[in-house]
Amino acid sequence: MLGPPTSTTSSVADTSALGSRLSQIVKAYDIRGVVPEQLDTDVAQALGAAFAHVVGAAGSAVVVGQDMRPSSPALVAAFAEGVTSQGADVLDIGLSATDQLYFASGHLDLPGAMFTASHNPAHYNGIKLCRAGAVPVGQDSGLAEVRELAASGVPGQDRRAGSVRTHDVLSAYADYLRSLVDIRANRRLTVVVDAGNGMGGHTVPTVLAGLPVDLVPMYFELDGSFPNHEANPLDPANLVDLQHRVRAEGADIGLAFDGDADRCFVVDERGTPVSPSAVTALVAVRELARHPGSSVIHNLITSRAVPEIVREHGGVPVRTRVGHSFIKAEMARTGAVFGGEHSAHYYFRDFWRADTGMLAALHVLSALGEQDRPLSLLAADYSRYSASGEINSAVGDQGEAVAAVRDRFAARPGVSVDDLDGMTVQAADWWFNLRGSNTEPLLRLNVEAADDLTMLALRDEVLGLVRGNARTAHDRKER
């Protein structure tokens, strides 16, 4: 049991123990940990008070949402007690997808907190924080301050405690998304959606209601124990059920959402996954048609086809590091209309620069329905190269392994090397990126080339060098 929260943040008995736990669970972009060993109601209450203080919510409000995990209600209640202790109200939107919380933050112009651990296993939970207008909160933009203040204790407030009230935004969220995409289909589409027992089962029926689609639901029952498969479509094993169902139904398209439904993966009519880079290029073309000459953000492991297609349609491609904080910062700096990552995060200027897989899915449905070709042929327009997917290798010394690869390739004629995020090595008809994990002793390799033979040869050469430096090794290929 999580247990009831303490009455005030200052009553947490062991502040050094609290600080130790907070240092474990406060990550670069969010808060995430095992319940209750790392994240319990005392921690949640302290974080609520600290967050309200850092964003200056006293006299205003914080909007709070939660996913379907069994631990979420008690953590939300404790967090709300911390917020209200600082003289701020709480608008509780209840069960919510993460992009639904971002909508509430943007639409209501209030800071927000989403309780979710995304695709992590059931015994995890976490919090994604944002300032008013869905502005992200990361280590350098307030999260470190929240952690330090929660650990040390938040100063008391003279003003009255705030209140908690419910506020349903699901219909308004769905209406807003549909207002951004004109779905005038030439045909009805049969759409299979695998929600993975996550929040897509809550949002998809409302968002797709009234559109020219016949919905085939899979695992829409909200269940934070994830009884069917992990709600992580980045792992190909978790797409197998969707692929089979698309083929069995003769469906036009399949969609898979992660646990908090902020990422969306696409499967074509044959059950073949559509690369998130192809989805990025497709959506970029549609957004450039509405906003000619705009910038489009892509991270450095998206396909080379993305910047090519953006330029061909009059846009300005902007390359960034991997990670939503970098994407959002570049969108703000450049005024970009859209941004995409190969991890299937899609960011829209019209959605407060926040990521929403649901809006990307509506764009794909619109593009598919307004012409008569199957999705496999439509996606082929945006897929030009052969890619390895992401391959992880456990290494004893990341620097030594990267140096070995650099020594092999840097002196080759026509080859360039840059170090924007890890090491990217490029030639006329291929490139690869090798970068270290921030949390594990892993090197992540992505390879792309003009044809399969070149890609496979390059992949094997780089892996041979990397794993020659590995003390222990395993690999996991991810889309």
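The values are calculated or read from the model by the stated rules, or taken from the named source; none is laboratory data. Remember, predicted model here, so these are calculated numbers, not experimental data. Every residue, glycine as well, gets a Cβ built from its backbone with ideal geometry; the counts of neighbours run over all protein chains shown. Protein only, heavy atoms only, side chains kept; ligands, DNA and RNA dropped before computing areas. Shrake-Rupley method; radii C 1.70, N 1.55, O 1.52, S 1.80 Å.
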statement: Computed over the chain, the relative contact order (Cα-Cα under 8 Å, seq sep at least six) in percent reads 12 percent
- prompt: What order do you get for 120-131, 255-266, 314-325 when each peptide is scored by the mean count of other beta carbon atoms within 10 Å, highest first?
  reply: 255-266, 120-131, 314-325
- prompt: Whose amide H sits under 5 Å from the amide H of Val193, counting only residues 5 or more places off or on another chain, with H placed in the peptide plane?
  reply: Val216, Met218, Leu255
- line: Taking a crude spin-label model, label points 7 Å out from Cα along the C-beta direction, the Val417 to Asp429 distance in nm is 2.4 nm
Under-5 Å amide H pairs with Val322, H placed in peptide plane, nonlocal only: Leu300
field: Positive-end extreme of charge dipole, the chain - chosen from Tyr124, Phe351, Gln38 (charges on Cβ)
entry: Phe351
- request: Just the number, please: carbon plus sulfur as a percent of the accessible area of the chain, 1.4 Å probe, no ligands or DNA/RNA counted.
  value: 50 percent
- line: Simple SL model, points at 7 angstrom along Cα→Cβ for Arg373 and Gln139; separation in nm is 4.4 nm
- prompt: Taking the Cβ of Leu91 as the center, what net charge do the other residues with Cβ under 14 Å away carry, scoring Lys and Arg +1 and Asp and Glu -1?
  reply: -3
message: If R₀ is 22 angstrom, what is the calculated FRET efficiency for the pair Ala403 and Ala457, using the beta carbon separation as r and rounding to 0.05?
response: 0.50
statement: The ³J(HN,Hα) series, computed from each phi in the range 48-53 with the Karplus coefficients 6.51, -1.76 and 1.60 at θ = phi - 60°, rounded to the nearest Hz and given as x for glycine or proline, is x, 5, 5, 5, 4, 5
message: From the phi angles alone, apply the Karplus equation (6.51, -1.76, 1.60; θ = phi - 60°) to the range 18-33 and give each ³J(HN,Hα) in whole Hz, x where the residue is Gly or Pro.
response: 4, x, 5, 5, 5, 5, 7, 9, 7, 8, 5, 10, 7, 10, 7, x
query: Considering only DSSP beta bridges whose two residues both sit in the chain, what percent are antiparallel, to the nearest 5?
result: 60 percent
query: Separation between the Asp214 and Ala58 pseudo-spin-labels, each 7 Å from Cα along Cα→Cβ, expressed in nm?
result: 6.0 nm
- prompt: Counting every Cα pair in the range 327-375, what percent are over 15 Å apart?
  reply: 48 percent
query: What residues qualify as long-range amide H neighbours of Ile127, i.e. H under 5 Å apart, gap of 5 or more or another chain, H built at 1.01 Å from N?
result: Ile31, Arg32, Thr116
statement: Note on the range 1-148, DSSP bridge orientation, antiparallel percent to nearest 5 equals 50 percent
- request: Can you grab the distance from the C-alpha centre of the range 402-421 to the C-alpha centre of the range 260-335, Å, no decimals?
  value: 26 Å
message: In whole Hz and in residue order, list the ³J(HN,Hα) couplings for the range 108-119 that follow from phi through the Karplus curve 6.51 cos²θ - 1.76 cosθ + 1.60, θ = phi - 60°; x for Gly and Pro.
response: 8, 6, 10, x, x, 9, 10, 8, 6, 10, 6, 9
query: Percent relative contact order of the range 155-236, based on C-alpha pairs within less than 8 angstrom and at least six residues apart?
result: 31 percent
statement: Taking alpha-carbon centroids only, the range 46-107 lies from the range 122-201 a number of Å equal to 9 Å
